[in-house]
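Following: one structure in structure tokens, then a few remarks.
The values are calculated or read from the model by the stated rules, or taken from the named source; none is laboratory data. Remember, it's a predicted structure, so these values are computed and weren't measured experimentally. A quick note on method: Cβ atoms are made from the backbone with ideal geometry, for glycine too, and the neighbour counts reach across all protein chains shown.
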Amino acid sequence: MAMAAFRREGRRFAAPLLSPRPITAVRPSLFSEEDGHAGVRSISTQVVRNRMKSVKNIQKITKAMKMVAASKLRAIQVRTENSRGLWQPFSALLGDIPSVDVKKNVIVTISSDKGLCGGINSTAVKTSKALHKLTSGPDKETKYVILGEKAKAQFVRDSKKDIEIIITELQKNPLNYTQVAVLADDILKNVEFDALRIVFNKFHSVVSFLPTMATVLSPEVVERESESGGKISELDSYEIEGGETKGEILQNLAEFQFSCVMFNAVLENACSEQGARMSAMDNSSRNAGDMLDRLTLTYNRTRQASITTELIEIISGASALEG
Amino acid sequence: MFRQASRLLARTTALTRSRAFSSEVPATPAVDSTFIDSWKKVIPNMEPPSTPSSFMVTRPQTPTSIPSKLTVNFVLPYASELSAKEVDMVIIPATTGQMGVLPGHVPTIAELKPGVLSVHEGNETKKYFLSSGFAFIHANSVADIIAVEAVPVDHIDPNLVQKGLAEFTQKLSSATTDLEKAEAQIGVDVHSALNSALTG
């Protein structure tokens, strides 16, 4: 009788050392039961323990990713806030007229290359598609310039014919003005436009990112709008210094404005990406923690249940023998 | 030099168009309502994106009389060197020569060449060497100077300037294609401007 008890005990301890029966789809339950020698069954907690281990690993990984995103955010937030003064003079001079009516619109969508950053790329793409719908009409055309892998993945599916340029791996080297200026030059040379609309996520705070659209007009449209009155009618009152003609200066001005606005937009988007990743990873760790709590309770319950079963068997066996 | 001096005088005295109701920017951050309305009609389910006008720092209205100080915003891609600083005068290196700006200056858009920007406040002067950029002078005596790079003049090393000048002059004489010529010419221009900044 005692030997039988020890045998059963031995089996209970040996069970975790042996590889457990693989979990098949037929047995969806958490508990796996093993048939012992004398038809005795002990419930194994192996499955639950495996799940707990993997959930704990996931929690560690997401916590680490959150720390990394937080440190990157701190670095880039400083630069973003410093660059915010860059586009303000242009808006002060030329105004901001998103409702301008032009024939050729080019939508520049800025997104991230890496994933796991929440919904910011989807909102940017949704906003761009909505803008496309808004600005399309008879004898008007709207094209896309895409920065970033995530927007590229979403756009090639349905708007492939409207895409002009795709640029990826923007953040391989730390962002700087020279790189963005070269990019802007590239876009300006290869794409015909009357108005450029840059769609990005503006960094408002660590938990809030606002989809924003900045408009840059080509010099001809600026001339047209300033002559016809409207928001930039005061442009004519400005004297022009340098250059041969007003047109040449306006051309340089438009190009410079585009590169400045792009630089700010790219920085803001990178900042938003890190902030969104921080909150996504934070939610992930918290969910993993909750799951771990629930699994721990289940584990303890099954462990206690199996001990109780063993005890009952032993005691009932013993009392049966005594008679 | 006389031309610039006379221009300086002519500019400051010629202006006193009193505008009762004007400023090229609204005094409060405004949103473009036509855009929002047309957005809502076509896409009723989504919020319209925000636009830069809602994030603008408000700018002062055009005053009726010439203010005593000039407000300068000097911005670079990496930092705002001076933001809304009240000064007496700035001298900017426009492509047509050094241009002095006093409060009440005619609204101007000026393209800048590599040169020295000096900011005069009371008795002190701060000098920065700028790579090119743009300068906007508004009717409300706000001057925006946007440059790609700027360094205080005392941070420039004369030896490196001489070396760079020699190098680019040599490159210019040995350049074959138009692109190389243009690049070498730019190098020569910048270095000679640096040189004159150090000496002048």
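Observations
- Any hit, segment A:82-98, residues being in a strand (DSSP E or B), more than 22 Å from the chain's Cα centre (by Cα), in contact (Cβ under 8 Å) with a residue 60 or more places away in the chain and surrounded by 21 or more Cβ atoms within 10 Å (Cβ to Cβ): no
- Pairing each residue of segment B:94-123 that is more than 14 Å from every other protein chain (Cβ to nearest Cβ) and among the aromatic types (Phe, Trp, Tyr) with any residue that is assigned to a loop (DSSP other than H, G, I, E, B) and crowded, with 16+ Cβ neighbours inside 10 Å, provided the two are 6+ apart or on different chains, yields no C-beta distance under 8 Å.
To keep it simple, each residue is scored yes or no on (1) of a type outside the set (Lys, Arg); (2) closer than 18 Å to B:ALA110 by Cβ; (3) within 11 Å of another protein chain (Cβ to nearest Cβ).
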position: A:ASN252; (1), (2), (3): yes, yes, yes
position: A:ASN264; (1), (2), (3): yes, no, yes
position: A:LEU295; (1), (2), (3): yes, no, no
position: A:GLU322; (1), (2), (3): yes, no, no
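- Only listed residue being modelled with pLDDT of 95 or more and surrounded by fewer than 21 Cβ atoms within 10 Å (Cβ to Cβ), chosen from A:MET281, A:MET291: A:MET291
- Reported count of residues in segment A:99-130, each being over 14 Å from B:PRO49 (Cα atoms), within 11 Å of another protein chain (Cβ to nearest Cβ) and surrounded by fewer than 22 Cβ atoms within 10 Å (Cβ to Cβ), is 1.
Yes/no matrix, rows are residues, columns are (1) closer than 27 Å to A:GLY115 by Cα; (2) charged (D, E, K, R):
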site	(1), (2)
A:ASP282	yes, yes
A:ALA288	yes, no
A:ARG303	no, yes
A:ILE315	no, no
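- Test: residue in segment A:255-275 that is over 15 Å from A:ILE58 (Cα atoms) and in contact with a Gly (Cβ under 6 Å, 6 or more places away or on another chain): no
- Boolean, B:SER54 is of a type outside the set (A, V, I, L, M, F, W, C) and part of a helix (DSSP H, G or I): yes
- Residues that are over 21 Å from A:ALA92 (Cα atoms), of a type in the set (Gly, Ala, Ser) and part of a strand (DSSP E or B) within segment A:178-226 comprise A:SER205, A:SER208, listed in sequence order.
- Some residue of segment B:64-74 being closer than 30 Å to B:SER196 by Cβ, within 7 Å of another protein chain (Cβ to nearest Cβ) and not in a strand (DSSP E or B): no
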